[in-house]
Amino acid sequence: MSLFGNIHLIAKQLHSAMLLIAIYSLFIVLADLVSLQFKLVFSIFQVILRIVFPPKEKSLKNENILITGAGHGIGRELALQLAGLCNQLALWDIDIDKCEETAKAIRAKGGKAECYKCDISDRTTVLETASKVRREVGFIGMIINNAGVVPIHPVLDHNPQEIKRVFEINVISHFWMLEAFLPAMIANNHGHICAIGSMTALVGSSNLVPYSASKFAVRGLMQALEEELQEDARKPKIHLTTVHPFIVNTGQVQRPRLRFPRLLGVLKSEYAAKEIIKAIRRNEHEASVPGWLLPLHNIVRSLPMETFGLLKGFMDSGAEAHEGAWHGDALRPIILRQHSTPVLGINQSPVLRHTHHKNGFHRPQMLHVTRQRQISISDLGLHGLLNGKELTQTAK
Ligand SMILES: NC(=O)c1ccc[n+]([C@@H]2O[C@H](COP(=O)([O-])OP(=O)(O)OC[C@H]3O[C@@H](n4cnc5c(N)ncnc54)[C@H](O)[C@@H]3O)[C@@H](O)[C@H]2O)c1
């Protein structure tokens, strides 16, 4: 056969081989598509089943659990509730006195808790404190990255240090915690990492731009980490849980804006901690407090942005600015009508003084309404926390 004939034959054979590969690839894609359809239906079925019959809550009795920001708020409540469920607690806080108070309360009830002063935004301190914990407590099988800060005012009122601090404490610290504790979890093929997010990690909120951005980042971090651990050849048995609470009565959000406080009001830290522990013990990947918010959000989020925005505007939930935003305001008289829905007459910017509440709720020292509209007490999210009598007594 001539050279030209040979080339022609090779080209023909190559062509049929490529055709075969193309047909084979098409067949593989079709087979994957069929399998995907079955898997999709099965996973939706599994999710429904999980909602109807929630999984059994796992035991934590052999677990040593580390909680950051355990001196106050949600972290303190998590520590108090977990004390009776786990082997030992390692409690971290930048404020060691508050942390010791939490530990004392736990020890008084027969629980085991050790306190460590640690600024979680500082890598060296985190790594050193982690070594100390390993020596004194032993293997930490679960960490709850809870400590966080929430400055609440318009984005341009945040100073550069404040923005950096939000990211250092709320986001970067998670990397130092991973560096300190993940390797041992992988080596022991056992671990659970929980991150306390926020509803502002799902829906951006005014006056909370850096905070919201930091919580979006934490959500991304946890999702990406989950992917990475799933692809890890060692297949480590490490669970990740991210929980997004709505506003909790720890004093971080001093001026909540709530349109329907009976439906979605300020949560008690005891309740928030209980729901977070439930999500952890059920090995949930992601959860909200209250629990119905996340599934509702997932459904509503599939709507076009404008439609989603309308619903968000209707709910009108969030936080009014405090601290810097009200500097320079003088106290002005307020008009208070004591009807079933008490109303503050808002034409100028009234300021209401009120006291510290006996139930431990951090009540604002001043209430400053900047919106030029009539708002009810329930709008301000104080429904059930303030009553008309108190308002009359304390208003100037
Ligand atoms: N309170 C809310 O409305 C709310 C809502 C959703 C999510 N969250 C999130 O829940 C978590 C806890 O919030 P909270 O309201 O209980 O706060 P909190 O202010 O009541 O308590 C936070 C604790 O963390 C400690 N802390 C602060 N910076 C630290 C640092 N650099 N290193 C170590 N400890 C530090 C504080 O000393 C404090 O004891 C935060 O991540 C917050 O973003 C809070």
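Here are some notes:
- In loop segments of the range 84-115 as defined by DSSP, the trypsin sites (Lys or Arg not before Pro) with at most 12 further C-beta atoms inside 10 Å of their C-beta are LYS109.
- Contour minus Cα-Cα distance for ASN159 and LEU263 (0.36 nm per residue): 33.9 nm
- Shape call, the range 257-325: gyration tensor on alpha carbons, a/c limit 1.5: oblate
- Compactness of the range 1-53 as Cα Rg over 2.2 N^0.38 Å, two decimals: 2.28
- Prolate/oblate/rounded call for the range 164-234, Cα gyration tensor, a/c under 1.5 rounded: prolate
- Projected-area mean, the range 183-321, by convex hull of Cα positions, square nanometres: 9.3 nm²
- Around SER317: net Lys/Arg minus Asp/Glu count, Cβ-Cβ under 9 Å: +2
- Per-residue HN-Hα couplings for the range 114-121 [Karplus 6.51, -1.76, 1.60; θ = phi - 60°; Hz; x = Gly/Pro]: 10, 9, 9, 7, 7, 8, 5, 7
- Those lysines that a straight Cα-Cα span of less than 22 Å connects to LYS112, excepting residues fewer than 8 apart in one chain: LYS58, LYS61, LYS98, LYS104, LYS132, LYS274, LYS278
- Gyration tensor (alpha-carbon) shape descriptor, the range 64-300, a/c threshold 1.5: rounded
Since every read-out is calculated from the coordinates, none of them should be taken as a lab result. As the structure is a computational prediction, the values presented were derived from the model and not from experiment. Positions of Cβ are backbone-derived with ideal geometry, glycine not excepted, and every protein chain shown enters the neighbour counts.
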